[in-house]
Structure formats: C-alpha cells, structure tokens
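See below for the structure under consideration.
The values are calculated or read from the model by the stated rules, or taken from the named source; none is laboratory data. Bear in mind the structure is a predicted one, so any value in this text is a computation, not a measurement. Cβ coordinates were reconstructed from backbone atoms using ideal geometry, including for glycine residues, and neighbour counts include every protein chain displayed.
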Amino acid sequence: MASRPGTPRLLRELNDRSALDLLVSSGPLTRTQIGERTGLSKVTASQLLARLEDRGLVAVVGEQAGGRGPNAALYAVVPSSAYVAGLDVGPNSVTAGIADITGHIAAEITVSPGDTEDAVTLVHNAVVKACRSAKVPLSRLRALVIGTPGVVDPRSGDVEFIYDLPHWHAGILEALRRDLRMPVTIENDVNLGALAEKECGAARDVSDFALLWADRGLGLAVVLGGRLHRGASGGAGEIGYLPVPGAALPEKDTESVTWGMPALAGGLGALAGADAVRDLARAHGFDEPTATECVRAAASSGKSGGPFLDELATRLAYGVASVTIVLDPELVLISGELGRAGGERLIRRIQEAVGRICPTRPRVALSEVVGNPVLRGALFAALDHARDEVFSSSS
C-alpha cells in the first residue's frame with residue numbers, strides 16, 4: 001500500500017479527525033481544551049473548528065464560564081450529521097437499531113420474521129420500520145451492520161452457512177447492498193457481542209480475551225491484540241463442534257426438541273446447548289419451560305440449585321478450557337441469555353472447573369453489556385465505518 005505524503009491537506013484531515021474523535025469521546029469541549037488535548041495551537045484549533053462548522057459536523061452547544069473575559073464557547077459533534085443501523089437477526093426475531101453519529105441510540109424495534117422467506121425483504125422492512133421509529137429517512141443512513149449466527153467468509157464478507165437461517169446464503173450481501181444502496185456488512189453475532197464487550201462491557205481494558213456465548217447453541221469469539229480473530233475461512237469460534245467427553249462426534253444433524261429446527265448433534269453443542277441443558281435441569285428437578293428459565297431458577301434457588309449448576313459449569317468449562325490451553329487469554333467472558341441467566345453463581349463454578357482442568361487459570365467473568373449485546377456490537381461496527389467516511393472526508 002503506497003503511503004500518502006504529508007501534505008497540508010492530509011495534515012488538516014488528520015487534525016480534523018483527531019478533534020472529532022475527541023469530541024465524540026469527551027465533548028463538549030472549548031477551543032482551548034481541544035487544542036490542549038490534541039497538541040494544536042490556538043490558531044490551528046480555531047481554523048479546524050471553523051472548517052468543521054462549515055461542514056456541519058460540529059456546533060456551539062453552550063458556554064463555559066472562566067476567569068476574566070467572555071465565556072468560552074463549548075463545541076460538540078452534531079448528532080444528526082449522520083446515522084447508522086444495526087441488526088440482530090435470529091430464527092425467531094429481528095431486532096433493529098438506529099444510532100446517530102455520536103452513538104446515541106435513537107430507536108430500537110423487534111419484529112417477527114413471520115412467513116417472510118426472502119432475507120432481503122426481511123432486512124429491508126426491519127430497517128425501514130426502525131428508521132420510521134427514529135424519524136430518520138432511510139437515505140440518511142451511512143452504514144448497516146447485520147449480526148447473524150453461523151459462518152461469514154472474512155474474504156468476501158458473505159454468508160457461508162447458517163443452521164438457523166436457511167434462506168441466508170452466498171450472494172445475500174450484494175443483494176442487500178443493491179436493495180438498500182448503502183454500505184452493508186454481515187458479521188457473526190458472537191463476534192459482535194465481543195466487540196460490544198470491548199467498547200462498553202467487561203473487556204474495555206483487555207487486549208486478549210474470549211467470549212463464550214451460551215444460548216440455544218454455543219458460540220465463541222476470540223479477540224487477540226485488541227482485534228477479532230476470525231480465522232482463514234471465518235470459522236474461528238465454532239466451538240459447538242468441539243469433541244468432548246460424554247458426547248458423540250459432531251457428524252450429523254438432528255431436530256431440536258425445544259426450537260423445532262435443525263441443530264448440531266454431537267460435540268460440545270450437543271452437551272451444553274439449550275436442549276441438553278433443559279434435559280439436565282429436568283434431571284435435577286427444574287421443569288421451567290425453557291433452558292434459560294431453568295438456569296435462572298437454579299441460580300436463585302439456594303442450595304437446591306447447586307448440583308445442577310455444578311454439572312452445567314463443568315460442561316461449559318470444557319469450552320473455556322479448550323480456549324485457555326491453546327490461547328491463554330487474560331479473560332473469558334460468559335454471555336448469551338442462557339449463560340447470563342446463571343449469574344455469579346454459575347461464573348464461580350465455571351472458574352473453579354477450569355482451574356481443575358487447565359495448568360493456567362484465566363479470569364472468568366459475566367458479560368457487562370447492557371441490553372442486546374449483538375445489536376450494540378453491530379451499531380459500534382457501523383459507527384466505525386460511518387465515522388471513517390464522514391469524519392475523514394475533506395468535502
């Protein structure tokens with residue numbers, strides 16, 4: 001990749017981007033504060049703010065009282081200068097969110113796929129409904145990131161395969177871009193959950209961590225050196241296929257009793273997926289309708305829930321141990337509705353079980369992302385794309 005010479009225009013672009021990023025993370029700020037935190041002179045900071053005001057990216061939002069002389073103007077990024085969308089697409093629901101360029105979520109809606117078999121129509125309708133809720137025209141969106149289960153090819157960005165969504169297939173990415181006429185990215189849902197943890201959750205100050213997602217099935221995301229590790233074909237983290245004691249090899253599909261749709265038979269997914277967890281709960285006297293409700297009931301039931309949580313923790317520890325032995329991360333997070341339902345009682349048991357299996361013992365902790373982690377991760381990823389485009393433009 002050829003490097004760009006240090007022209008005055010490039011330096012202005014870099015200074016503008018630095019100031020905008022600072023205002024997003026720490027604003028509102030005065031001209032003097034912007035200069036001090038970016039290392040720019042007062043004259044350069046004044047010129048920079050004038051440029052950004054002309055582009056409609058920043059505006060005066062108040063004043064800061066000081067010592068002698070007039071009050072200093074406070075500048076902030078204009079929230080309406082750009083918007084993004086994020087989607088969490090699952091087999092039973094689609095959740096869509098709209099955020100402005102500062103990251104404020106303007107709307108969040110959930111729709112049922114119903115009988116819609118066309119993925120493009122499903123996504124289009126969800127985005128349009130979210131835009132209407134946010135009172136934002138579809139044309140104002142600068143990026144859309146979609147979280148889905150399954151494998152996404154990191155080279156093409158297209159779907160490789162998804163157990164839960166049979167109508168999603170290779171070619172869907174280009175079809176979505178043509179239909180919506182905007183930049184669209186498809187990403188594995190658990191990877192987006194890890195991104196949310198990095199941005200606003202338990203991994204904010206951690207460079208190397210893994211996230212084990214326990215819900216209907218199992219998933220894993222790995223962050224190394226602050227970057228998602230997707231693998232050569234996008235298959236990194238498909239931990240449901242992990243061969244483990246007590247489960248057959250993952251060679252065939254079976255019908256999920258709980259959800260009525262195809263699920264992996266064999267491997268860790270068959271031992272610690274929702275169907276297996278519900279069966280385990282039944283054996284320990286918990287008969288709530290879903291696996292997640294069973295785990296929640298056990299976690300709040302005192303001593304009587306201990307044996308069930310012990311066995312569940314051992315099963316989940318197989319997955320945590322496999323990552324720990326190979327990658328030795330500083331932190332392993334537990335997320336997904338089923339995983340979060342166990343709370344700290346389940347977390348402590350997983351940590352202890354991993355300690356019995358592994359020569360090293362990572363810190364095991366519960367997800368701290370508020371709300372839908374996949375949607376939050378999708379919006380963060382979309383904001384990164386939009387800010388690169390909007391903030392770095394010299395137009």
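What the table shows:
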quantity	calculated
Condition broken by A45, with the remaining ones in (1) in contact with a Gly (Cβ under 8 Å, 6 or more places away or on another chain); (2) not in a helix (DSSP H, G or I); (3) not assigned by TED's automatic domain parsing to the domain that holds L180 satisfied	(2)
The range 172-195, subset acidic (D, E) and surrounded by fewer than 19 Cβ atoms within 10 Å (Cβ to Cβ), residue nearest to D215 (Cα to Cα)	E174
Within the range 338-395, tally of residues that are at pLDDT 95 or above, under 28 Å from T95 (Cβ atoms), assigned to a helix (DSSP H, G or I) and among the β-branched types (V, I, T)	3
Count of residues meeting criterion [closer than 11 Å to A85 by Cβ and free of Cβ contacts under 8 Å to residues at least 24 places away in the same chain] in the range 114-157	1
Strands (runs of 3 or more DSSP E) enclosed by the range 141-193 - at least 2 residues per element that are modelled with pLDDT of 95 or more	141-148, 184-188
Matching residues, the range 116-140, being over 28 Å from G240 (Cβ atoms) and part of a loop (DSSP other than H, G, I, E, B)	K135, V136, P137
Residue under evaluation V60, criteria (1) at pLDDT 90 or above; (2) under 27 Å from E187 (Cβ atoms), criterion not met	(2)
Pair list, Cβ under 8 Å, 6 or more apart: the range 306-332 residue closer than 14 Å to V277 by Cβ, other residue of a type in the set (D, E)	A313/E352
Every pair of residues 6+ apart whose Cβ atoms lie under 7 Å, when the first sits in the range 363-384 and is aromatic (F, W, Y) while the second is surrounded by fewer than 20 Cβ atoms within 10 Å (Cβ to Cβ)	F380/E199
Residue, modelled with the lowest pLDDT, within the range 75-91, restricted to residues that are within 22 Å of A196 (Cα to Cα) and not in a strand (DSSP E or B)	P91
Flag if L316 is within 22 Å of S367 (Cα to Cα) and in a helix (DSSP H, G or I)	yes
